[in-house]
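The values are calculated or read from the model by the stated rules, or taken from the named source; none is laboratory data. Here the structure is a predicted model, which means the values were calculated and not measured. Neighbour counts are summed over all protein chains in view; Cβ atoms, including those assigned to glycine, are modelled from backbone coordinates with ideal geometry. Just so you know, the surface numbers come from the protein's heavy atoms only, side chains and all, with ligands and any DNA or RNA stripped out. Shrake-Rupley method; radii C 1.70, N 1.55, O 1.52, S 1.80 Å.
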Protein chains: 2
Amino acid sequence: MADEYVLVTGGAGYIGSHTVVELLSANYNVVVIDNLVNASMVSVSRVEDITGKKVPAHQVDLLDKSAIRDVFQKYKISIVMHFAGLKAVGESVALPLLYYHNNIGGTVNLLEVMKEFDVKNIIFSSSATVYGSPQYLPVDENHPIGGCTNAYGKTKYFIEEIIRDVCNADKTWKGILLRYFNPVGAHKSGKIGENPQGVPNNLMPFIAQVAVGRREYLTVYGDDYDTPDGTGVRDYIHIVDLAKGHVAAIDKLKRDCGCVAYNLGTGVGYSVLDMVKAFEKASGKSIPYKVAPRRAGDIASVYANPEKAEKELGWKTTLGLDEMCEDLWRWQSNNPYGYETSS
Amino acid sequence: MADEYVLVTGGAGYIGSHTVVELLSANYNVVVIDNLVNASMVSVSRVEDITGKKVPAHQVDLLDKSAIRDVFQKYKISIVMHFAGLKAVGESVALPLLYYHNNIGGTVNLLEVMKEFDVKNIIFSSSATVYGSPQYLPVDENHPIGGCTNAYGKTKYFIEEIIRDVCNADKTWKGILLRYFNPVGAHKSGKIGENPQGVPNNLMPFIAQVAVGRREYLTVYGDDYDTPDGTGVRDYIHIVDLAKGHVAAIDKLKRDCGCVAYNLGTGVGYSVLDMVKAFEKASGKSIPYKVAPRRAGDIASVYANPEKAEKELGWKTTLGLDEMCEDLWRWQSNNPYGYETSS
């Protein structure tokens, strides 16, 4: 299958770019599409630097169906990895139609073009947010889904259901739904990493921006949760482990599988303060923080049961908290303003 | 508000056309849009016959956003009643992308244009199917939603969630989600009624086509359910009662209400064989039937708790089983091939 390509939508983004590195390392041909609304083609050239391979990349918006078709006409695509989508929880609450239009509309366009070109293998970038507020811990894949309280989470859940229906309607489709816990860190080269626009929504990029001097202090939302130190506990997973999970999912897709969901997490929960301390150790910087009230919708603890992925994908995480923080710090200190040269 | 219009999407269809009659009777101005994929403009002219009023109607597909904009530019619209959508359960299982594309994409387009034109009142044609397989009976509006097993039902559920999110994001929006049980019957004039394309998906149109000689016999799917006579029990509601529920919902929208869901049902369940007997009585025709195995996804009994609508909308059903069957028979015998002149 030397002439076949894996199409990576959102391939210039944080998770997409790291996954492209691992795909290339596993000798897959990759073509990237990205609308660059929340990403930069600089990441693609950095991926080329890291791997020493060329990565064809096109600025394509999934809302433009004919542009998607052009890509399928140009490349012989056998598998689609679908990362593209808006992802800011708060923005999705304020602008739900934007999220439904982009994320659902874009995905339906993509699936329709895949169907036209008889490409029926998809690996979807889902999220542990589909579980809503967990009824038990650790969360496994049999946990009920759909209790999402924001439009971002609902688009992940709705897209899972759409892919499930497509696979049910035509048994020659195969779908793998990868439910990410909290991806952090960066490639060990320090050349690619998370590059949030504006104020980071997630903890670790915020901490890293405090360390590098772009932000004065971290706000910790709630220290009165029912957790060991009172701050929220999450399952942080190194981005390179996460990316390798996608390569393992391809191997699974090549066998018969219908539509299956897998947690990608470590199974271990760390608190906000655990992460602060670990990052201080890795960076040698002090991270000042202030405690603020809990945020609406936040929950005390979420962490994965990763056994199904280990058993069926033959994949598990290998990188720990120290690597997450060291690699994030290398990226952030080498690239204080991400792919831009200044603020 | 003499110059303001209620926009009725899918207004040439079964529920839409009956609702237009009741809106006109209550002195609302109405403009109809319909893509006519599953409906006929003949129904609109029949509505004009019945009411003696003109009904502006445009062939507009909700996937064509600029066509929707044209309608909003031409008429001063204050409220949207959104009926348009594909509705065949079996087809939705076979062609899920068609349903997601049309129903979700069309609704998001409609909501976006409403937002552009500052029209923030929507009454949505939802369905009791959002409850999935009921955990208790009668089903009230607090019953969990989302357990739908087919793409048709999921689109109803997803659209409810989308409207809910839009109303949450901007408190000047108002949404009413009307969850229909099983609409049957026809306007008492016999001029408008249900006009399914191909083999009817629903029980009563099928029975009526047997009575009128278009089909040889009725197939009853399962007579071993845990119900009084073993056949499935549903909450059938006369289409004119249902249509009047929409007028009551407008009154509610004019008061402050955020986003609220109401069951539209009678609270009474009848079995398949109850309906057969009632229709035989009303039509004077014998309805031969054959029992076949249960269909996948069918459930024994579903009927509504209609108290919330009675309390908050001041609406309840007034027409019984006899009127449902007599009115359906009048429509079917006067129009054996619906709005077409022959098979």
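If a residue must be loosely packed, with under 13 Cβ neighbours inside 10 Å and of a type in the set (Gly, Ala, Ser), how many such residues does the stretch B:330-343 contain?
Number satisfying all stated conditions: 2.
Among the listed residues B:Pro196, B:Pro205, which satisfies the condition of being of a type outside the set (S, T, N, Q), more than 14 Å from chain A (Cβ to nearest Cβ) and assigned to a helix (DSSP H, G or I)?
Criteria check complete, one pass: B:Pro205.
Per-residue answers, yes or no, for (1) surrounded by 14 or more Cβ atoms within 10 Å (Cβ to Cβ); (2) within 29 Å of A:Gly147 (Cα to Cα); (3) touching a residue at least 12 places away in the same chain (Cβ under 8 Å):
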| residue | (1), (2), (3) |
| --- | --- |
| A:Pro293 | no, yes, yes |
| A:Ala296 | no, yes, no |
| A:Ala309 | yes, yes, yes |
| A:Gly314 | no, no, yes |
| A:Leu319 | yes, no, yes |
| A:Met324 | yes, no, yes |
| A:Leu328 | yes, no, yes |
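Could you please find all residues in the stretch B:10-28 being over 12 Å from the mean Cα position of the chain (by Cα), surrounded by 20 or more Cβ atoms within 10 Å (Cβ to Cβ) and under 19 Å from B:Ser78 (Cβ atoms)?
B:Val20, B:Glu22, B:Leu23, B:Leu24
I'm trying to understand the selection: among the residues of the stretch A:100-118, which are part of a loop (DSSP other than H, G, I, E, B) and over 19 Å from A:Cys259 (Cβ atoms)?
Hit for the stretch A:100-118 is A:Phe117, nothing else.
Of the numbered conditions (1) more than 14 Å from every other protein chain (Cβ to nearest Cβ); (2) within 18 Å of the chain's Cα centre (by Cα), A:Val60 fails exactly one; give the number of that condition.
(2)
Which one is nearest to A:Tyr303 (Cα to Cα), of the residues in the stretch A:177-200 that are of a type in the set (D, E, K, R) and surrounded by fewer than 24 Cβ atoms within 10 Å (Cβ to Cβ)?
Residue satisfying both the conditions and the ranking: A:Glu194.
Looking only at residues that are away from chain A (no Cβ under 14 Å) and assigned to a loop (DSSP other than H, G, I, E, B) in the stretch B:135-171, which one is farthest from B:Ala248 (Cα to Cα)?
Just the residues of the stretch B:135-171 that are away from chain A (no Cβ under 14 Å), to begin with: B:136-143.
Narrowing further to those that are assigned to a loop (DSSP other than H, G, I, E, B): B:136-138, B:140-143.
Numbers: B:Tyr136: 27, B:Leu137: 25, B:Pro138: 22, B:Asp140: 19, B:Glu141: 17, B:Asn142: 21, B:His143: 23 Å.
Here the residue is B:Tyr136.
Could you run through the stretch A:41-61 and say how many residues are open to solvent by less than 20 Å² (accessible area, probe 1.4 Å) and either in contact with a Leu (Cβ under 6 Å, 6 or more places away or on another chain) or in a loop (DSSP other than H, G, I, E, B) (or both)?
2
Yes or no: the stretch B:64-71 includes at least one residue that is open to solvent by less than 50 Å² (accessible area, probe 1.4 Å), out of contact with any Ser or Thr (no Cβ under 7 Å at 6 or more places or on another chain) and closer than 28 Å to B:Asn202 by Cβ.
Among the residues of the stretch B:64-71, not one is open to solvent by less than 50 Å² (accessible area, probe 1.4 Å), out of contact with any Ser or Thr (no Cβ under 7 Å at 6 or more places or on another chain) and closer than 28 Å to B:Asn202 by Cβ, which makes the answer no.
Can you tell me which residue within the stretch A:108-119, out of those that are in contact (Cβ under 8 Å) with a residue 24 or more places away in the chain and away from every other protein chain (no Cβ under 12 Å), is farthest from the chain's Cα centre (by Cα)?
Here the answer is A:Phe117.
Can you pull out the residues in the stretch B:119-134 that are touching a helix residue (DSSP H, G or I) at 6+ places or on another chain (Cβ under 6 Å), open to solvent by 20 Å² or more (accessible area, probe 1.4 Å) and not in a helix (DSSP H, G or I)?
B:Asn121
Can you name every residue in the stretch A:52-66 that is among the hydrophobic types (A, V, I, L, M, F, W, C) and either modelled with pLDDT under 95 or over 21 Å from A:Tyr99 (Cβ atoms) (or both)? Walk me through how you get there before you give the answer.
Here is the first cut: in the stretch A:52-66, the ones among the hydrophobic types (A, V, I, L, M, F, W, C) are A:55, A:57, A:60, A:62-63.
Across the stretch A:52-66, the qualifying residues are A:Val55, A:Ala57.
Right, A:Val130: within 24 Å of A:Cys257 (Cβ to Cβ), within 14 Å of another protein chain (Cβ to nearest Cβ), within 16 Å of the chain's Cα centre (by Cα) and hydrophobic (A, V, I, L, M, F, W, C) or not?
Working: within 24 Å of A:Cys257 (Cβ to Cβ): yes; within 14 Å of another protein chain (Cβ to nearest Cβ): yes; within 16 Å of the chain's Cα centre (by Cα): yes; hydrophobic (A, V, I, L, M, F, W, C): yes.
Answer is yes for this residue.
Would you tally the residues in the stretch A:268-291 being over 25 Å from A:Asp226 (Cα atoms) and in contact (Cβ under 8 Å) with a residue 12 or more places away in the chain?
Selection size over the stretch A:268-291: 4.
With under 27 Å from A:Ile145 (Cβ atoms), within 14 Å of chain B (Cβ to nearest Cβ) and outside any loop (DSSP other than H, G, I, E, B) as the only criterion, which of A:Leu97, A:Leu86 stands out?
A:Leu97
All but one of (1) under 20 Å from B:Ser17 (Cβ atoms); (2) open to solvent by 60 Å² or more (accessible area, probe 1.4 Å) hold for B:Ser286, so report the exception by its number.
With (1) under 20 Å from B:Ser17 (Cβ atoms); (2) open to solvent by 60 Å² or more (accessible area, probe 1.4 Å) applied to B:Ser286, the lone miss is (1).
Which is among the hydroxyl-bearing types (Ser, Thr, Tyr) and within 30 Å of B:Thr172 (Cα to Cα), of A:Tyr14, A:Tyr99, A:Tyr5? Write out each step before concluding.
Working: A:Tyr14 fails: within 30 Å of B:Thr172 (Cα to Cα); A:Tyr5 fails: within 30 Å of B:Thr172 (Cα to Cα).
None of the others qualify; the one that does is A:Tyr99.
Please specify each residue of the stretch A:29-40 satisfying the condition of being surrounded by 19 or more Cβ atoms within 10 Å (Cβ to Cβ) and closer than 20 Å to A:Lys87 by Cα. Please lay out each step first, then the result.
Taking the stretch A:29-40 and keeping what is surrounded by 19 or more Cβ atoms within 10 Å (Cβ to Cβ), we get A:29-35, A:39.
Correct list: A:Val32, A:Ile33, A:Asp34, A:Asn35, A:Ala39.
Taking the stretch A:204-231 as the region of interest, how many residues are hydrophobic (A, V, I, L, M, F, W, C) and either farther than 18 Å from A:Ser271 by Cβ or touching a Gly at 6+ places or on another chain (Cβ under 9 Å) (or both)?
Counting residues in the stretch A:204-231 that are hydrophobic (A, V, I, L, M, F, W, C) and either farther than 18 Å from A:Ser271 by Cβ or touching a Gly at 6+ places or on another chain (Cβ under 9 Å) (or both) gives 5.
So, of the residues in the stretch B:135-166 that are in contact with a strand residue (DSSP E or B) (Cβ under 9 Å, 6 or more places away or on another chain) and either farther than 28 Å from A:Val166 by Cβ or of a type in the set (S, T, N, Q) (or both), which turns out to be surrounded by the fewest Cβ atoms within 10 Å (Cβ to Cβ)?
Residue satisfying both the conditions and the ranking: B:Asp140.
Restricting to the stretch A:1-39, what's the tally of residues that are touching a strand residue (DSSP E or B) at 6+ places or on another chain (Cβ under 9 Å) and either assigned to a loop (DSSP other than H, G, I, E, B) or modelled with pLDDT under 95 (or both)?
Residues flagged as touching a strand residue (DSSP E or B) at 6+ places or on another chain (Cβ under 9 Å) and either assigned to a loop (DSSP other than H, G, I, E, B) or modelled with pLDDT under 95 (or both) within the stretch A:1-39 amount to 11.
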